[in-house]
1. Any residue at all in segment 108-125 that is open to solvent by 10 Å² or more (accessible area, probe 1.4 Å), aliphatic (A, V, I, L, M) and away from ligand 2 (no atom under 16 Å from the Cβ)?
2. Only residues that are among the polar types (S, T, N, Q) and either open to solvent by 30 Å² or more (accessible area, probe 1.4 Å) or farther than 21 Å from L153 by Cβ (or both): list them for segment 168-209, please.
3. When the residues of segment 219-251 are filtered to those that are within 22 Å of the chain's Cα centre (by Cα) and among the charged types (D, E, K, R), which remaining residue is farthest from T145 (Cα to Cα)?
4. Report yes if D59 is in contact with a strand residue (DSSP E or B) (Cβ under 8 Å, 6 or more places away or on another chain), in a loop (DSSP other than H, G, I, E, B) and either over 22 Å from G111 (Cβ atoms) or within 14 Å of ligand 1 (Cβ to nearest atom) (or both), otherwise no.
5. Pull out all pairs, ordered by first then second residue, where Cβ-Cβ is under 9 Å, the residues are six or more apart or on different chains, the first lies in segment 1-22 and is open to solvent by less than 30 Å² (accessible area, probe 1.4 Å), and the second is of a type in the set (D, E) and assigned to a strand (DSSP E or B).
6. Please count how many residues of segment 126-156 are surrounded by fewer than 17 Cβ atoms within 10 Å (Cβ to Cβ) and within 12 Å of ligand 2 (Cβ to nearest atom).
7. Tell me which strands (runs of 3 or more DSSP E) are completely within segment 64-175 and hold 3 or more residues being within 16 Å of ligand 1 (Cβ to nearest atom) and in contact (Cβ under 8 Å) with a residue 12 or more places away in the chain, or say none if there are none.
8. Please work out if I51 is crowded, with 17+ Cβ neighbours inside 10 Å and within 16 Å of ligand 2 (Cβ to nearest atom).
Amino acid sequence: MVEIRQFLSRSDNFSVLVHDPATGATAAIDAPEETAIMKALAETGWSLTDILVTHEHADHVEGIPGLKAKFGCRVVAPRKAARVPDADERVSEGDRVMVGNLVIDVLDTPGHCPDHIAYWLQGQKTVFTGDTLFALGCGRIFGCTPAAFYQSLQKLAALPDDTAVYCGHEYTLANARFALTVDPANMALRTRALQVENLRAHDKVTLPTSIGLEKATNPYLRVTDPGIQATLGMAGADPVAVFAEIRERKNRF
Ligand code: ZN
Ligand code: FE
């Protein structure tokens, strides 16, 4: 089995530690902030062996140099990333990363940025989606086409429904409020939005989510839904156009 520790760092980044009890190996998914990761390692008693980077944005890599200096850990970075400090290995779709005995498959998920990848632990029914798929949302588009982003989201949506999803930020409340504006009649979404309001009011985290829950409630995975298309005035429109429209509206929300 795998042990996962998740905690907030910076203002709204999620840090995740993935631990293989059989070997003691521990990977950080991204390294937003050295001190928050050090604190979690001290609390768990785990020692950092690997950092798996989803994309090169500063809020995901700034903790790397300090952690590398302390632990000498391996840094695995997206093949297309140009600005990941201390990268030891480059990976892209089809590559497989071992963390101890844990088998992790790499998925290319461009859209938020061209270099973005996700890490899929098929055997543990878990995926780390960085800033591609958020709970009830997705990342902003930088340097990619909406079509590319849509394809990446479809790839993640094709994973089994009971796959646990860990993402890079706690944006769920803002995403829920926006999602209701484009999918107001969705009862599953309305129920979930109330749960999210309640969790955040008590300072609790809203993750992980699951692929099945996202397919039922995340508007970016529901672009072919007739209700959403009607709300947008886009009945029968191309799914990529609907995706782009929802993403545009969120930018202005
Ligand atoms: Zn980012
Ligand atoms: Fe980010």
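The values are calculated or read from the model by the stated rules, or taken from the named source; none is laboratory data. Bear in mind that the values here come from a model prediction, so they are computed numbers and not experimental data. FYI the Cβ positions are ideal-geometry reconstructions off the backbone, even for glycines, and counts take in every protein chain you see. These accessible areas exclude ligands, DNA and RNA; they are computed on the full protein's heavy atoms, side chains included. Shrake-Rupley method; radii C 1.70, N 1.55, O 1.52, S 1.80 Å.
1. No.
2. Within segment 168-209, the first condition is being among the polar types (S, T, N, Q), and the residues that meet it are 172, 175, 181, 186, 191, 195, 198, 206, 209.
Once the filter is applied, which keeps residues that are among the polar types (S, T, N, Q) and either open to solvent by 30 Å² or more (accessible area, probe 1.4 Å) or farther than 21 Å from L153 by Cβ (or both), segment 168-209 yields T181, T191, Q195, N198.
3. R222
4. Working: in contact with a strand residue (DSSP E or B) (Cβ under 8 Å, 6 or more places away or on another chain): yes; in a loop (DSSP other than H, G, I, E, B): no; either over 22 Å from G111 (Cβ atoms) or within 14 Å of ligand 1 (Cβ to nearest atom) (or both): yes.
So D59 fails the test.
5. So the pair list comes out as L17/E3; V18/E3; V18/D50; H19/E3; D20/E3.
6. Adding up the residues that qualify gives 2.
7. Numbers: elements: 74-78, 89-91, 96-99, 102-108, 117-121, 126-128, 164-166.
Hits in segment 64-175: 117-121.
8. Working: crowded, with 17+ Cβ neighbours inside 10 Å: yes; within 16 Å of ligand 2 (Cβ to nearest atom): yes.
For I51, the condition - crowded, with 17+ Cβ neighbours inside 10 Å and within 16 Å of ligand 2 (Cβ to nearest atom) - is met.
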